[in-house]
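The values are calculated or read from the model by the stated rules, or taken from the named source; none is laboratory data. Nothing here was measured: the structure is a model prediction, and the numbers come from that model. Backbone-built Cβ (ideal geometry, glycine too); neighbour counts: all protein chains shown.
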């Protein structure tokens, strides 16, 4: 709003007030009647109406005494009614109104009861106002507490927001790590697939190798049996003499010939391919003598005479490979048991025949050939 417009509005209000104050009959104050109640935002306070015009036209010559209660009209009281010019003219005080007409005694008697009712009404309303003001104080106190709580909650929310931000950053990092892990897992899966394929190939090769190994083991077993048979055949002309005293610088072949003639009572002339003692010389012990006959017939003739050595400190045995000897050891108990039962039992090399039927003991009781053993021959004991 411009200054000119503001000044015009102020002048209009002043002129209006001047027109209201120019009423010469004194009725301007009575025309400005206050409303029955004054209303604010919370409470409604009743107001007293202004003094009637007759109060200003009193006859001072009347002999009836006048009291201030004469100004109470219609059960209402107007204390300190202020003129229009009061507050506008400095030092102005409105004159005390003097009634111009007599006031009846009835009105004077009714005034105290009306005033008492008004005061009671005002007192009740003041009590109500005080109670509501107390409630307002409580509300204000609670609002302050709520404000403090909200400040605290705001601080907590800021902390929570900070933590949420940190969690978001952590989740972002975790997501990044997860993506990297996914990539690594993909690579690992690819590697595992390659390894699985390679493993399958290895399994197939292993299966083929196993079959090949089984075949080789079968071939080896067959070759071993052939070799064992060849060893046995190479030793079929050999006999081992045990218990013959050993003398220095002896001729082993002559010693065997004398033993055959003296202990076995065989007078035939036997030829040998080779005769020697086995192992190293040990003082106090007599080494065995192995003799290879030139013919199988001569060897069998001497072997069959072995029962003549029964009761003597000598022994005569056939020479066999070590594995054959182990097999024969497992068969000898069965051979003796069959003979005790008066059965026909014959042990040929590593095979036992009972009543012309081949006999084979439990395979779990057989001993396997020790390939680390020395290659020299061994013999069965026919003592």
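Every condition in (1) more than 44 Å from the chain's Cα centre (by Cα); (2) modelled with pLDDT of 90 or more is met by residue 174 except one, and the failing one is (1). Comparison of 316, 347 shows that the only residue that is within 28 Å of residue 227 (Cβ to Cβ), surrounded by 12 or more Cβ atoms within 10 Å (Cβ to Cβ) and at pLDDT 90 or above is 316. Going by what's in this entry, would residue 253 be described as surrounded by fewer than 11 Cβ atoms within 10 Å (Cβ to Cβ), outside the structural domain of residue 348 (by TED's automatic domain parsing) and over 23 Å from residue 348 (Cβ atoms)? The answer is no for residue 253.
The set of residues in region 215-254 that are part of a helix (DSSP H, G or I), under 17 Å from residue 303 (Cα atoms) and in contact with a strand residue (DSSP E or B) (Cβ under 8 Å, 6 or more places away or on another chain) comprises 232, 253. Residue-level check: of (1) closer than 27 Å to residue 245 by Cα; (2) crowded, with 18+ Cβ neighbours inside 10 Å, residue 310 misses just (2).
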